[in-house]
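Engineer: Pasting a structure below so you can have a look.
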Amino acid sequence: MTKQQWYIRGAAAGAAALLLAGCGGGDGGSGGGSSKALGKAEVSSVLPDAKAVPGWRSVMPPEAQEPIPEFPPSVCLSVNKKKRATACDHITFWGASAYARKPDGTSLNFWTLAYKDEKAADAAYDALAEYYGGDRVGVGAVPVDVGDPGEEHVANRAGMGTMGGPATIAQIRVGTTVLGISTGTQGEKAVSDQEVTDFAAMFAERAQQAQNGEKPSSALPGR
């Protein structure tokens, strides 16, 4: 697979039209701890693997990549060129993993954008959040309470997303990283708000573990 193909596939694996997002901002949270910059292998380790999300089938295993200027991560979108530069030009590494669940093709996507320091990550979070606010996840989107992961976080749910059924999108900042989670389905049953909350807490903890110099181990309970 070429680098260009990886970029096209990686951001939306399992739900090609679900272009991952977030909105809003936060005033602190439970993400206290170290906030060092992460290397490529560390970014990959932050992404939940199949063991971390029991009950979901792997569509794309965790993989990290150094950005290519001509092909910035397709999750990195904003309201104008200036904010796009803030969000995209300072990414050091990024990666994604994707999963699916039968019988209705429900998708679950994770992505991580890593930055050189917390200041750059904070600015990027704000720029991305401004673009993906409101009903970007779908018409009539409403906020989802996902607890208190990271320093900044937000989530929204819509009854009809790009896959035709209910969808959710969450964005979290943990130190030097901006994390994203998206779910979507072709059916009528949404991924519950509690599940999204669990995904957010687990993902944020993995990012903090990596920034603390630990091997990410946070995972959802087995079924």
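Engineer: Hey, which lysines would be in cross-link range of Lys119, C-alpha to C-alpha under 22 Å, not counting anything within fewer than 8 residues on its own chain?
Structural biologist: The reachable lysines, counting only those whose Cα sits under 22 Å from Lys119, are Lys36, Lys40, Lys81, Lys82, Lys83.
Engineer: Out of every Cα-Cα pair in the range 148-223, what percent are more than 21 Å apart?
Structural biologist: Summing the P(r) tail past 21 Å for the range 148-223 gives 32 percent.
Engineer: How large is the dipole of the range 77-217 about the Cα centre if only Lys and Arg carry +1 and Asp and Glu carry -1, each at its Cβ, rounded to the nearest 20 debye?
Structural biologist: 540
Engineer: So what's the projected area for the range 88-223, the Cα convex hull averaged over all directions, in nm²? If you can, show how the numbers build up before the last one.
Structural biologist: Details: hull surface 32.6 nm².
Value for the range 88-223: 8.1 nm².
Engineer: So, one more: In the range 61-205, what percent of the accessible surface is made up of carbon and sulfur (1.4 Å probe, ligands and nucleic acids excluded)?
Structural biologist: On the way: 3070 of 5840 Å².
Of the solvent-accessible surface of the range 61-205, carbon and sulfur hold 53 percent.
Engineer: Using the beta-carbon distance between Ala50 and Asp89 and R0 = 30 Å, what value does 1/(1 + (r/R0)^6) give for FRET efficiency, to the nearest 0.05?
Structural biologist: Given R0 = 30 Å and the Cβ-Cβ separation, E is 0.35.
Engineer: A follow-up question, please. Charges on Cβ only, +1 for Lys and Arg, -1 for Asp and Glu, centred on the Cα centroid of the range 56-110; of Ala64, Thr92, Ser78, which one is farthest towards the dipole's positive end?
Structural biologist: Result: Ser78.
The values are calculated or read from the model by the stated rules, or taken from the named source; none is laboratory data. A quick note: this is a predicted structure, and the numbers were derived from the prediction, not measured. Every residue, glycine among them, receives a Cβ derived from its backbone with ideal geometry; neighbour counts consider all protein chains shown. Quick note on the areas: whole protein, heavy atoms, side chains included, nothing else; ligands and nucleic acids left out. Shrake-Rupley method; radii C 1.70, N 1.55, O 1.52, S 1.80 Å.
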